[in-house]
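Down below is the structure, laid out as structure tokens.
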Amino acid sequence: MSDLRFSVLATSLLLVSGTAYSETASSSDAHTLGNIDVTASSVDEHDASMTTEGSERYGTTATNTATRMVLSPRETPQSVSVITRQQMDDFNLDSVAEVMQRTPGVTVKSQDTERQQLFARGFEITNFLYDGMPSTRIDTLGKQAALSDTFIYDRIEVLRGASGLLNGIGNPSATVNLVRKKPTRDFTGQVGAELNSWDGYRGEFDASGSLSRNGRVRGRFVSAYEQGESFLDHYENEKQVFYGVIEADLFDNTLLTVGMDYMDYDPMGSTWGGIPLFYSDGGIADLDRDLNPATDWSSWAQDSQTVFVNLEHQFENGWYSKFAYTNQQNNYDAELSSAGSGQLNRDGSGMTLWAGRFVEDKTQDTFDLYANGPFALFGRQHELVVGVSHSDAERDYTAQSPVNFNNVVPDLLNWNGNIPKPAWDKPNTVEDQSSRQTSLYATARFKPTDRLAVIAGGQVVDWEQETTGFNWQGPLNDESYQENGEVVPYLGLVYDLTDHHSVYASYTSIFQPQTVRDINNQILDPEEGNSYEAGLKSEFNQGRLNTTLAVFRTNQDNFAESTGQPIPGGPANSVAYRAVDGAETNGFELEAAGEILPDWQVQAGYTYRITEDPDGDELNTTSPEDMIRLSTQYRFRGDLNGLTIGTAISWQNKTYAFVTRPGASADYKFVQESYTLVDLMARYQVTPALSVGANVSNLTDEKYFNNLGFYNGGYYGDARKYSLKMDYRF
């Protein structure tokens, strides 16, 4: 590497405080993935098989999200979807929420401009991993995982179904694993610029390579800047992202990794809830999609920072060990005001503004130590993972009300949000919350025959949470919740019918402490139950195309269903939930991912699920029963060499919510009919380094409600958007 390139990369890394991540080390084996040279190491030689950057594919040949063991999709006894770097680049999927909108089996519901909820199999996704490290769930108003920028990630893996092996708590929805980009031995990088029809622009920079002459120290720096408006009136947003990573081969079999990522998210015109569904006379208010009920100064500013350290060692006997430490800090300062009270008259009058300032600081420290390797039993080779994990999380929250604030909206139908921002009174709510979780886990993959694999394991979990503070009604009663010695078992079977087709079955118990509250402002008891899955997995085209057919069932007690209404006497932005015993979910999934033919990539999935209470009444009706997700891309050769085209299609059937309608004596069933969203992309490779591309999202400009019933309102999905992008790789 030239001195100039060395200086550029070293300077970039210093700008992000000399931090780092990756798992490639020195070895004579190298995997060239397009423009990316991923060097396999004696420490983690298998990591290259999971890396998607530069592969130009929509599929992957291996994943370790389900068990920490590196297994092919066919060897994994659960449904796993992987959104690769190529797919994110093709369709400009710049946030986790945008990725989830294209992921089979997943839906995204927006509570307002800054809060997106992710759902799978009818349940909210609350389990997130970062490079396989769990993030403890603690009560928070922010949904920062969905807002995270994806430019720093190599891939995003979604494990559907309960995942007690990874988190110590089983959640029947899904677990999302965000896997960061890794340093490379050879100097490589890219610079990108993008413009869109919402008066937005985005810049990207990525540089990676060796920081020492012998290649034993490597680093990477990634940055993105984004600014723009929206289909909503008087809304704009600015986002800055930085990621730095350094890895060093301490010895031939020992790798040290240090890294940091940071995101600053600064919107203006943030909504707080959605828009009214009815006029005051009971008529349905089919309001304009661009109507923004917020003031022009309303903002939900957020920032997040993660620092991590990994130490890995490969033993001569085939065993591998890893120690990981992560510190996460998530903060927001929300000065919000939005038209959420009153009843809308047909002349635009009748609405008043909610207003409040909410500040939250959350810090989490996580430690994880595990070992993975082979062992012999009864004359056959098997595999074992054993480990321990511990996390501490602290959350500080305050709320303030406005002083002398004129909250009347003269005319919501012609509202521009131009009203002075008030001063804020002293805090009327102060809340301190701490959470601690410790788990011991073990998983064994037994091979009693060449065709049969039995995966058995589980975790033993200690969990506790404490909350103290006060609100305007006086001191809060100190709340303390604790669960000790909770056992979360897992069992999976995979039987190879042939060299390319396998049947599987898996079972996991469900245990998830909750942070949501009921109408009496009491935290719900932990969700408990059982999750079952069985199916057929196949691989074609020498493993480059994988398919899954899965059926699943979940039985659950204390299932938390949102009422969509605030907690009486609780914080102004609260939502009450109710606990449902005997909830049952049944469904099935079909998925195909990978290369159908040379130069033709696809990820497609169909999902059906229904959740009912013991009386047969449907639950979680704001999530669809049926959905289709399709993303496909084709690279031309011959006369059209250099041209790539693609499309992404999302369809879902109707959803509904029971809401309060003015003048009605009973709740009204508000229905969003089925809809289809179509995205298009085209890219031309001008030179081996330079490409230009164009994208259209929501081609038909479909107008639809993305969410219903939250605060008795609705939130529209995104309007059509055009974008142009230029990308230069070096």
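Structural remarks
- Computed helical MRE - 222 nm, the chain, DSSP H runs ≥ 4 contributing -39500 (n - 2.57), nearest 500: -1000 deg cm²/dmol
- Note on TYR504, TYR606: ascending count of other Cβ atoms within 10 Å places them as TYR606, TYR504, the fewest first.
- Gap separating the Cα centres of the stretch 506-556 and the stretch 83-135, nearest whole Å: 16 Å
- Residues in the stretch 666-677 carry Karplus couplings, in order, of 9, 4, 9, 8, 8, 10, 9, 5, 4, 8, 10, 10 Hz; the curve used is 6.51 cos²θ - 1.76 cosθ + 1.60 with θ = phi - 60°, and Gly or Pro positions show x.
- ³J(HN,Hα) computed for each position of the stretch 195-206 - Karplus, 6.51 cos²θ - 1.76 cosθ + 1.60, integer Hz, glycine/proline x: 10, 9, 6, 9, 6, x, 9, 8, x, 9, 9, 8
- Exceeding the 22 Å Cα-Cα cut-off - candidates LYS109/LYS721; LYS322/LYS447; LYS182/LYS322; LYS182/LYS537; LYS181/LYS362; LYS322/LYS537: LYS322/LYS447; LYS182/LYS537; LYS181/LYS362; LYS322/LYS537
- To the nearest ten degrees, helix 3-15 and the longest principal axis of the Cα atoms of the chain are 40 degrees apart.
- From phi via Karplus (6.51, -1.76, 1.60), per-residue ³J(HN,Hα) for the stretch 616-633 in Hz, x at Gly/Pro: x, 7, 6, 10, 6, 7, 7, 9, x, 6, 10, 8, 10, 10, 9, 10, 8, 8
- Rg and Dmax, both from the Cα atoms of the chain and both in Å, are 25.3, 82.
- A crude spin-label estimate for the pair LYS669 and ASP581, with each label 7 Å from Cα along the Cβ direction, gives 2.8 nm.
- Residues with amide H under 5 Å from that of LEU129, placed H, sequence gap 5 or more: VAL176, ASN177, LEU178
- Tensor-based shape of the stretch 429-568 (alpha-carbon gyration tensor, a/c under 1.5 rounded, otherwise prolate or oblate): prolate
- Förster radius 56 Å - calculated FRET efficiency between TYR656 and TRP319 (Cβ-Cβ, nearest 0.05): 0.55
- Peptides 706-718, 151-163 ordered by average Cβ neighbours within 10 Å, highest first: 151-163, 706-718
- Residues of the stretch 336-357 with an amide N closer than 14 Å to a point placed 7 Å from the Cα of ASP425 along the Cα-to-Cβ direction: 355-357.
- Near SER212, the amide H atoms lying under 5 Å from its own belong to VAL217; only residues 5 or more places off or on other chains count, and H is placed 1.01 Å from N.
- FRET efficiency for SER349 and VAL460, using Cβ-Cβ distance with R0 set to 51 Å, rounded to 0.05: 0.30
- Taking each residue as 0.36 nm, the span from THR687 to VAL403 lengthens on full extension beyond its C-alpha to C-alpha distance by 96.2 nm.
- Amide H within-cut-off set for GLN514, under 5 Å, with H built and near neighbours excluded: GLU527
Any read-out appearing in this document is the output of simple, stated calculations on the displayed coordinates, not a laboratory observation. Values in this document were obtained by computation on a predicted structure and should not be read as measured data. So basically every Cβ, Gly included, is an ideal-geometry build from the backbone, and we count neighbours across all protein chains shown.
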